[in-house]
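The values are calculated or read from the model by the stated rules, or taken from the named source; none is laboratory data. Bear in mind the structure is a predicted one, so any value in this text is a computation, not a measurement. Methodologically, a virtual Cβ is constructed for each residue, glycine included, from the backbone with ideal geometry; neighbour enumeration extends over all protein chains shown.
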Amino acid sequence: MFFLHEGFTYRNFLLDVLAIFVFIVWFWLLVTVASDLFRRHDISGWTKAIWVIAAIVFPYFAVLAYLIFQGKGMAERNAQQSQQARDELRRIVGFSAADEIDKLDRLKKAGSISDAEFTRLRARLVQ
């Protein structure tokens with residue numbers, strides 16, 4: 001390219017920053033797809049191996065194809081995993097909505113929170 005011979009210019013700096021940004025996004029997508037692929041229990045090991053080989057041979061095409069064809073499932077699996085993690089944490093910590101509502105009631109009686117805040121926070125806990 002003709003502008004690479006110009007030395008250090010603002011345009012070259014912006015192109016370098018853009019290239020680094022694109023590389024970071026690409027690497028993030030690759031890690032996201034690989035982590036989703038290896039966490040799945042609904043496909044066989046052979047199917048996973050085929051996806052991995054495709055990602056090695058045709059990296060851009062394979063990652064984009066996986067995102068297009070499995071994107072909805074990725075979002076569902078991610079939401080399910082985060083819900084399971086929340087439930088597990090609540091089980092270990094001993095969180096219960098009844099305990100939190102009791103704490104909110106004590107805060108309301110002490111005057112630390114208003115009726116509107118109590119109602120809003122209680123509605124969030126009941127969900």
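Across the range 39-59, the number of residues qualifying as free of Cβ contacts under 8 Å to residues at least 12 places away in the same chain, charged (D, E, K, R) and surrounded by fewer than 12 Cβ atoms within 10 Å (Cβ to Cβ) comes to 1. Of all residues in the range 54-113, those that are within 30 Å of Val22 (Cβ to Cβ) and of a type outside the set (Gly, Ala, Ser) total 19. Being of a type outside the set (Gly, Ala, Ser), surrounded by fewer than 10 Cβ atoms within 10 Å (Cβ to Cβ) and closer than 30 Å to Leu121 by Cβ, is that true of even one residue in the range 93-100? Yes, some residue in the range 93-100 is of a type outside the set (Gly, Ala, Ser), surrounded by fewer than 10 Cβ atoms within 10 Å (Cβ to Cβ) and closer than 30 Å to Leu121 by Cβ.
Against the list (1) in contact (Cβ under 8 Å) with a residue 40 or more places away in the chain; (2) surrounded by fewer than 11 Cβ atoms within 10 Å (Cβ to Cβ), the condition Asp36 fails is (2). When the range 42-62 is filtered for residues that are assigned to a helix (DSSP H, G or I) and of a type outside the set (A, V, I, L, M), the ones remaining, listed by number, are Gly45, Trp46, Thr47, Lys48, Trp51, Pro59, Tyr60, Phe61.
Restricting to the range 89-114, and then to whatever is touching a helix residue (DSSP H, G or I) at 6+ places or on another chain (Cβ under 7 Å) and assigned to a helix (DSSP H, G or I), can you tell me which residue is modelled with the lowest pLDDT?
Ranking the candidates gives Ala97 first.
Of all residues in the range 71-127, those that are among the basic types (Lys, Arg) and farther than 30 Å from Arg40 by Cβ total 7. Among the residues of the range 70-92, just one is loosely packed, with under 10 Cβ neighbours inside 10 Å and closer than 25 Å to Leu37 by Cα, namely Lys72.
Beta carbons closer than 9 Å, at least 6 apart along the sequence or on distinct chains, pair a first residue in the range 70-90 that is among the small types (Gly, Ala, Ser) with a second that is surrounded by 11 or more Cβ atoms within 10 Å (Cβ to Cβ) and part of a helix (DSSP H, G or I) for Gly73/Asp36.
For the range 95-126, the set of residues classified as in contact (Cβ under 8 Å) with a residue 12 or more places away in the chain and over 24 Å from Ala85 (Cα atoms) consists of Leu104, Asp105, Phe118, listed by residue number.
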